[in-house]
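Remarks on the structure that follows.
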Amino acid sequence: NTPACAVKAIMAGLRGGSIPSYYREIYEIVCAEGETKVPKSICVRLLLQSKLPRDVLSEIWQIVDPKGQGHLNRDSLYKALALTALAQQSKPLTDKALDQYGGSELPKPMLGDLSDLRKLTIRVRRASHPTQLGFTYDQLLALDTLYLRIIPGKKGLILKHVEFILESHTHGTSIQRRYSDFEVFHEFLFARYPYRLVPRLPPKKVNPSSSFVEIRRRALQRYINIVCRNPVMAEDNMVKFFVTFSGKVQLALHCGQCVPKRT
């Protein structure tokens, strides 16, 4: 265990180093809007991203939360980040190790992609408060942005149809879809979420005009963005499958190839 005097020394030692913008960015991600404290559940998941042994992480936590309050304020979080960086460099968790940063920027820990951290934080908060949405408007928009554009020229030998390119920003995919693909997907989605507000599909029309096709394209794009920005549906493997699978999606859905289970 870290002696109490050593804990105080380490806490004071941070005053000599400057705070990296990376620390502030992490604090803004893990601290809920209007809050000043970060729950232990989120801090633990954050520190686990460092891939450090659990006994080392326990020692870090004992230093930054010596009274066992179960949360960290901004300064304590910064200290946890600095100590994590020291541990990743195989340096001792002591005030002497921090003295070398006097007047310079504190070390940055390796915690992976911050976009993944943002999603992880949202999931942890939602699990802790299941009756609360836990998303700001901007966070909902960040779940994914999908674009639908028309492929020039109609397809099919006898019955002509329009095909689209569906692009997902989150998944980095670009796949082909037709209106009937959306119809089948909608049927599966409605059956899967009978008590949720599933958006309506735009209407179908035989021999549609180019203006009708453009109106339907915008409506389909709005439809798939609403689905993929629903916090529950966005985590569904079936939804992820529909916006990423490049094969015959109707057949795959009917055969259960997407393994439609919620993540």
What residues have an amide H closer than 5 Å to that of Arg178, excluding those fewer than 5 places away on the same chain, when H is modeled at 1.01 Å from N in the peptide plane? Phe164
On the accessible surface of segment 173-258, probed at 1.4 Å with all protein chains in place, carbon and sulfur together account for a percent value of 53
Considering only protein heavy atoms and a probe of 1.4 Å, how much of the accessible area of segment 81-123 is carbon and sulfur, as a whole percent? 49
If amide H atoms are built 1.01 Å from N in the plane of the peptide, which residues on other chains or at least 5 residues away come under 5 Å of the amide H of Glu105? Ser18
Explain nothing, just compute: Karplus ³J(HN,Hα) = 6.51 cos²θ - 1.76 cosθ + 1.60, θ = phi - 60°, for every residue of segment 173-188 in order, whole Hz, x for Gly and Pro. 10, 9, 10, 9, 9, 10, 4, 5, 5, 5, 4, 5, 4, 4, 4, 5
Given a 1.4 Å probe, how much area per residue of segment 163-239 is accessible, in Å²? 53
Please give the contour-minus-distance gain from Lys108 to Ser90: 0.36 nm per residue of separation, less the Cα-Cα distance, rounded to one decimal in nm. 5.1 nm
Under the 0.36 nm per residue contour assumption, what length would be gained going from the current alpha-carbon distance of Arg149 and Arg123 to full extension? 6.2 nm
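Give me the percent of Cα-Cα pairs in segment 206-252 that sit more than 11 Å apart, rounded to a whole number.
Across segment 206-252, Cα pairs with separations above 11 Å total 72 percent.
The values are calculated or read from the model by the stated rules, or taken from the named source; none is laboratory data. Worth saying up front: this structure is predicted, and the values here are computed from it rather than measured. Remember, those area values only see protein heavy atoms, side chains included, never the ligands or the DNA or RNA. Shrake-Rupley method; radii C 1.70, N 1.55, O 1.52, S 1.80 Å.
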